[in-house]
2 protein chains.
Amino acid sequence: MSDITIVDIAKQAGVSIKTVSRVINREEGVGPATRARVEDLIEKLGYRPNVSARSLSSRRSYLIGVVFMRVGAYHYVGEVQVGAMRACRRAGYHMVIEQVDDPGQARGPGLEQALKAGRFDGLVLTPPVCDDPEILAIIEAQGLSYVRVAPDRDFGRSPYVFMDDQQAAHDMTARLWDLGHRRIGFIDGPADHGSARRRREGYMTAMAERGQRVKPEWISPGDFMPLSGLEAGDRLLGLPEPPTAIFAANDSMAMGVLSAASKRGLSVPTDLSVVGFDDGPLAESSWPGLTTVHQPIAEMAEAATEMLIEGFGDPRFRSRTAARQLDYHIVERGSSTSR
Amino acid sequence: MSDITIVDIAKQAGVSIKTVSRVINREEGVGPATRARVEDLIEKLGYRPNVSARSLSSRRSYLIGVVFMRVGAYHYVGEVQVGAMRACRRAGYHMVIEQVDDPGQARGPGLEQALKAGRFDGLVLTPPVCDDPEILAIIEAQGLSYVRVAPDRDFGRSPYVFMDDQQAAHDMTARLWDLGHRRIGFIDGPADHGSARRRREGYMTAMAERGQRVKPEWISPGDFMPLSGLEAGDRLLGLPEPPTAIFAANDSMAMGVLSAASKRGLSVPTDLSVVGFDDGPLAESSWPGLTTVHQPIAEMAEAATEMLIEGFGDPRFRSRTAARQLDYHIVERGSSTSR
DNA sequence: AACGGCATAGACAACGTTGTCGTATCGTGG
DNA sequence: CCACGATACGACAACGTTGTCTATGCCGTT
C-alpha cells in the first residue's frame, strides 16, 4: 500500500506541504528549481495523492459517472465506456458506471441514492437515459453537472454531443434508391428512442423527396434486438409484394433480417439488399458483410466526457449550452447491390 | 447539493456526532430511543454521509474496481458489469471500471497509476486479465484485495469463482456424438485464454474417450471474434472430408460458421450442425437458433464481488483461499440435429 | 453505603489534502 | 539606497467522517 503522503515528500524536499500541493496541481508560485526537486521526489517515491483527502478538501471527487440503460446489445454501452475512459484517463479522473435498468434497483431510490452517495463531479448520459425527464429531474435536483450523448429533445437543457442520425438514414435510403430499389422496408427501433425516431424520419423524408409513397406495412416495429429483426424481416418478406431492400435501424436487427432471408431461402444481396446502422462487430463478420452507417460512438462519449471535465455541464453555466457534432460515414459491404 | 452533515444531525438530535456515526454504521452502544430519533432525523433531512470524509477517516473507499480486457464482443464484459453492479448496489458500494487494453494507456503505468490513485477496496478480475502475471504482480504490490472470475491457473493465489468449462465442452461434444456425428470440428479461442483452452480439452477428452482420433485439421484457430469464425468455418468446410458438426468455442465464432455455411450454400442443421458456447444475445436470434452452453457470467461476477465485499480477497487472508463453483447448462436450439 | 460492572454517550485527535492569508526575499525604478 | 510591488513560500485552519479514550448514569451485589 502506498503509505507515503504529501508530508513525506515535503520533508524530504525540505519544503512545506503546501508547496508540494502546488507542484502536484500545477499551480504557479513555485520556482523552477524547487518544482524540479519536488517532481523528482514524487517520481522516485512513487507518491500518488490520496483521492479521498483531496476530494474532501477540494470538494471535487475526480469521479465521472456514466449513466446508461442497456438497450440492444452491449456494443453501444461498451463503446461509450471505451471513449469515456480515454478522456478520464487523460485527465486523471476515474469512471464509475451506473446502470439504470436493473430490476427494482434502477430508477428512483436506486439511482438517486447512488448519485447522492457517489459525489460525482459530473455525469455522462447516454440514450435513452438522457431523455428521461424523471432521471434528468433527479440529477438536476442534486445540482450535478452533466453532458448528454445524442439526446432527442430539450437541447437547451444541457451541453451535448451528437451526430446527424436523420441525415445518415437519409443518405443510406438515397443510396438504396440510387441502386434501383423502390420498395424499401424499414425496421424501427424502440418507440422512446430518439435516434431510432430520427433514423425513421431520415428514411421517410428521403422516400418522400423522391415521390415514393411509403406503405404503412413497409415499416415494421423492432426493439434493437436481433430477434425482433428476425420477426420484422419475416413479416416484410411475407408481404404479397415484399420489399427488395430492407433498412434496419441498427445492425443487430439487420442480422436478424439476414437470418429471416436465409430461412426463406432468399440469397442476399441477389434477392434482397439489407443495410443496417451502427457498424458494430457483427457488420464485418456476417456473410455477406453488412452495409451500414458507421457511428462514432466512442468518440462521442469521449467528447462528452471532455466537455464535462472542462467544466461545461456545470449547472451554473448550463444555459451557456454547447454542442459538438461528429461525423458518420456509410460503410459499403456486400449486403446491398443494385436491383 | 446535499449540504447537511453529520454535525447538523447531531445538533438537531441533541447528541454528539459520534453517536450519529454509530447509528449510521449500525454499531452498538446506542439506546433504542436515541437510535430511533437519529434515524428519523436522517430520513427527514435526507442526510447521506460524505464518502470522501468517510473513506479518508476509515481507510475504506467503498469502491470496487472491475478490471477487464476487451476480448470478442462486449457481451462478456457487459454481463460481468451487470453482476458486479448488483452486488455493489446491495452493499452500498460503487463500481469503477478499469479497462486494460486501450492502446498505450493500458498496462504498466496506465493501470498502475489508476490503481494507486483509485484507492479501491478491492478488485474483480476477469479473464484474461486474471491470468496475466504482470498485472497480478502490480496489484499485489499495491496490497490490494482481489477475487478472480474463471482464472486459468495459480488457483491458490486468490479466491475465485468459476464454472467447469471443460466438463461443459465435454458434455456438448458427447451430445454431438450421441446425435451420430463423428467428424466434429472445433474452433479454438485465443491462445492465452484459459476458458478457451479448457473448452478445447473438454472436446479432446470426449473424443478420446470414444476412441475417435481427432485429426489436426479438425481444430482451427480463432480469436473469439465472428470474423475468425467465418474464416475457420470456411477452412473446415473446405476440407476433402469436411466435418458434419462444428463446435465453436464461443457464440460469436459460431455465428461466423453459420455465415460460412450459408456462403457455401449449406443448410444448417441439415447439412451441418453448429454449436457454440456462451448463450449470448445472438444465440437465440440467429436462424436457426444456436445450440450452445449457457454460461452464468453475471452470476459469477456477482458472486466474486460478494466475496470481495465480505472480505475474502484480503491480502492478509489470501492463503485462506475460497472458491465458488456455478452451474452451466446446455441450451438446445435448432442449429444441431442428428446425422 | 460503598463498589464494580455494564450500557450509553461524549471529547478530541486523527485521516491527507487544499484554501486563505501572511511573510520573507528579491529585483527595480526613482 | 530606499520604497515598493512581485515572486516564492510557509503556517494554519478547514473539509466531514471514524477511532480511541474517557466520563456518566444506573443497576445489582456485598
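Name the residues in segment A:52-75 that are in a helix (DSSP H, G or I) and at pLDDT 85 or above, would you?
If the condition is that a residue be in a helix (DSSP H, G or I) and at pLDDT 85 or above, then A:S52, A:A53, A:R54, A:S55, A:L56, A:S57, A:S58 are the ones that fit.
Residue-wise test of (1) at the interface with chain B (Cβ under 9 Å from one of its Cβ atoms); (2) part of a loop (DSSP other than H, G, I, E, B); (3) open to solvent by less than 10 Å² (accessible area, probe 1.4 Å).
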residue	(1), (2), (3)
A:G229	yes, no, yes
A:A254	no, no, yes
A:L266	no, yes, no
A:T292	no, no, yes
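Within segment A:191-204, track down each residue that is open to solvent by less than 30 Å² (accessible area, probe 1.4 Å) and either β-branched (V, I, T) or under 19 Å from A:P216 (Cα atoms) (or both).
Listed by number, the residues that qualify are A:A196, A:R199, A:G202, A:Y203.
I want to confirm something. Restricting to segment A:12-54 and keeping residues that are among the hydroxyl-bearing types (S, T, Y) and away from every other protein chain (no Cβ under 14 Å), which single residue is farthest from DNA strand C (Cβ to nearest atom)?
Checking each candidate, the answer is A:T34.
Report whether or not A:I9 is within 14 Å of chain B (Cβ to nearest Cβ), more than 9 Å from DNA strand D (Cβ to nearest atom), surrounded by 15 or more Cβ atoms within 10 Å (Cβ to Cβ) and under 24 Å from B:L115 (Cβ atoms).
The answer is no for A:I9.
Hey, can you tell me all the residues within segment B:79-95 that are within 7 Å of chain A (Cβ to nearest Cβ), at pLDDT 85 or above and crowded, with 22+ Cβ neighbours inside 10 Å?
B:Q81, B:M85, B:M95
Out of curiosity, is A:A260 open to solvent by less than 10 Å² (accessible area, probe 1.4 Å) and in contact (Cβ under 8 Å) with a residue 60 or more places away in the chain?
Answer is no for this residue.
Among the residues of segment B:12-54, which ones are more than 10 Å from DNA strand D (Cβ to nearest atom), free of Cβ contacts under 8 Å to residues at least 12 places away in the same chain and surrounded by 15 or more Cβ atoms within 10 Å (Cβ to Cβ)?
B:V30
Looking at (1) closer than 14 Å to B:M172 by Cβ; (2) open to solvent by 10 Å² or more (accessible area, probe 1.4 Å), find the lone condition where B:G211 falls short.
Among (1) closer than 14 Å to B:M172 by Cβ; (2) open to solvent by 10 Å² or more (accessible area, probe 1.4 Å), the lone unmet condition for B:G211 is (1).
Go through segment A:233-250 and report how many residues are more than 11 Å from every other protein chain (Cβ to nearest Cβ) and without any contact (Cβ under 8 Å) to a residue 60 or more places away in the chain.
Going through segment A:233-250 one residue at a time, the tally reaches 8.
Does segment A:133-141 include one or more residues that are assigned to a helix (DSSP H, G or I), away from chain B (no Cβ under 14 Å) and crowded, with 20+ Cβ neighbours inside 10 Å?
yes
When you check B:S58 against the structure, is it within 12 Å of DNA strand D (Cβ to nearest atom), without any contact (Cβ under 8 Å) to a residue 40 or more places away in the chain, loosely packed, with under 13 Cβ neighbours inside 10 Å and within 31 Å of the chain's Cα centre (by Cα), yes or no?
Considered against the rule, which asks whether it is within 12 Å of DNA strand D (Cβ to nearest atom), without any contact (Cβ under 8 Å) to a residue 40 or more places away in the chain, loosely packed, with under 13 Cβ neighbours inside 10 Å and within 31 Å of the chain's Cα centre (by Cα), B:S58 comes out as yes.
Anything in segment B:177-207 that is under 21 Å from the mean Cα position of the chain (by Cα) and assigned to a loop (DSSP other than H, G, I, E, B)? List them, or say none.
B:D188, B:G189, B:P190, B:A191, B:D192, B:H193
The values are calculated or read from the model by the stated rules, or taken from the named source; none is laboratory data. The structure displayed is predicted, hence computed values, not measured ones. Here the Cβ is made from the backbone with ideal geometry for all residues, glycine too, and neighbour counts use every protein chain on show. In case anyone asks, the SASA skips ligands and DNA or RNA and just uses the protein heavy atoms, side chains included. Shrake-Rupley method; radii C 1.70, N 1.55, O 1.52, S 1.80 Å.
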